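S.K.: One structure is given below, represented as structure tokens, and several questions about it will come after.
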Amino acid sequence: MRNQTSRSERDTFLLGQEIGRQIQPPRVILLYGELGSGKTVLVRGMAEGLGVTDPGLVRSPSYTLVNEYPGEKSTLYHLDFYRLDSLRDLYSIGLEEILASQSIVII
């Protein structure tokens with residue numbers, strides 16, 4: 001994939017779509033950015049590229065901690081670790097099972 005710079009929400013979505021088309025499970029992707037930097041828009045585009053039935057339903061997992069979206073190629077898990085306080089919290093959200101599921105996991 002070529003190096004790209006996003007200058008708009010649409011650019012970010014399209015970049016995510018391209019990544020989603022090319023990525024193969026199992027894969028773990030770590031995203032880091034300030035609130036409002038476009039992480040969820042990127043994930044929404046990836047969901048579209050992975051064949052998730054309704055990528056418009058992709059939301060930030062800030063309050064749910066884990067969102068699961070079945071797709072044509074793979075299930076997409078979107079996780080938020082920001083509010084986790086301890087290693088025990090990772091177990092409580094089912095991280096071991098998610099990582100063992102041969103899915104696309106975006107944190």
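S.K.: What spacing in nm lies between the two simple spin-label points modelled at GLN102 and GLN4, each 7 Å away from Cα in the Cβ direction?
M.R.: Taking the simple label geometry, GLN102 and GLN4 are separated by 2.8 nm.
S.K.: Taking the chain as the reference, fit the longest principal axis to its C-alpha atoms, fit the long axis of helix 39-50 to the helix C-alpha atoms, and give the angle between the two in degrees, 0 to 90, nearest 10.
M.R.: 80
S.K.: What are the residues whose amide H is under 5 Å from the amide H of VAL105, where those residues sit 5 or more places off or on another chain and H is modelled from the backbone?
M.R.: Excluding prolines and chain starts, which carry no amide H, the hits are ARG27, VAL28, ILE29, TYR77.
S.K.: If you roll a 1.4 Å probe over the stretch 1-103 with all protein chains in place, what percent of the accessible area is carbon or sulfur?
M.R.: Numbers: 3410 of 6860 Å².
Ligands and nucleic acids excluded, carbon and sulfur reach 50 percent.
S.K.: Using only C-alpha atoms and all pairs of different ones, pull out the Kirkwood radius for the stretch 61-107 in Å with one decimal. Each step should come with its number before you reach the end.
M.R.: Details: mean 1/r = 0.0912 Å⁻¹.
Roughly 11.0 Å, rounded to one decimal.
S.K.: Ok, one more. How much area per residue is accessible in the chain when the probe is 1.4 Å and only protein heavy atoms are counted (Å²)? Please list the in-between numbers first.
M.R.: Values: 6890 Å² over 107 residues.
Accessible area per residue: 64 Å².
S.K.: Where the centre of each part is set by its Cα atoms, how far does the stretch 6-55 sit from the stretch 56-107, in angstrom?
M.R.: About 15 Å separates the Cα centre of the stretch 6-55 from the one of the stretch 56-107.
S.K.: Also: With each pseudo-label sitting 7 Å past Cα toward Cβ, what's the LEU57-PHE81 distance in nm, one decimal?
M.R.: 2.7
S.K.: Which of LEU65, TYR91, TYR77 sits farthest toward the positive end of the charge dipole of the chain, with +1 on the Cβ of Lys and Arg and -1 on the Cβ of Asp and Glu?
M.R.: Checked the options; the winner is TYR77.
S.K.: Right, here's the next one. Which one, (1) 15.7, 57; (2) 13.4, 39; (3) 12.5, 35, gives Rg and Dmax of the Cα atoms in Å as derived from the coordinates shown?
M.R.: Working out Rg and Dmax of the Cα atoms in Å from the coordinates points to (2).
S.K.: Once every DSSP H run of n ≥ 4 in the chain is given -39500 (n - 2.57) and the sum is divided by its residues, what mean residue ellipticity at 222 nm do you get, rounded to the nearest 500 deg cm²/dmol? Before the final figure, lay out the partial values.
M.R.: Values: 4 runs with 37 residues, N = 107.
That comes out to -10000 deg cm²/dmol.
The values are calculated or read from the model by the stated rules, or taken from the named source; none is laboratory data. Please read these numbers as outputs of a predicted model, since none were measured by experiment. Cβ coordinates were reconstructed from backbone atoms using ideal geometry, including for glycine residues, and neighbour counts include every protein chain displayed. All accessible areas refer to the heavy atoms of the entire protein, side chains included, with ligands and DNA or RNA removed. Shrake-Rupley method; radii C 1.70, N 1.55, O 1.52, S 1.80 Å.
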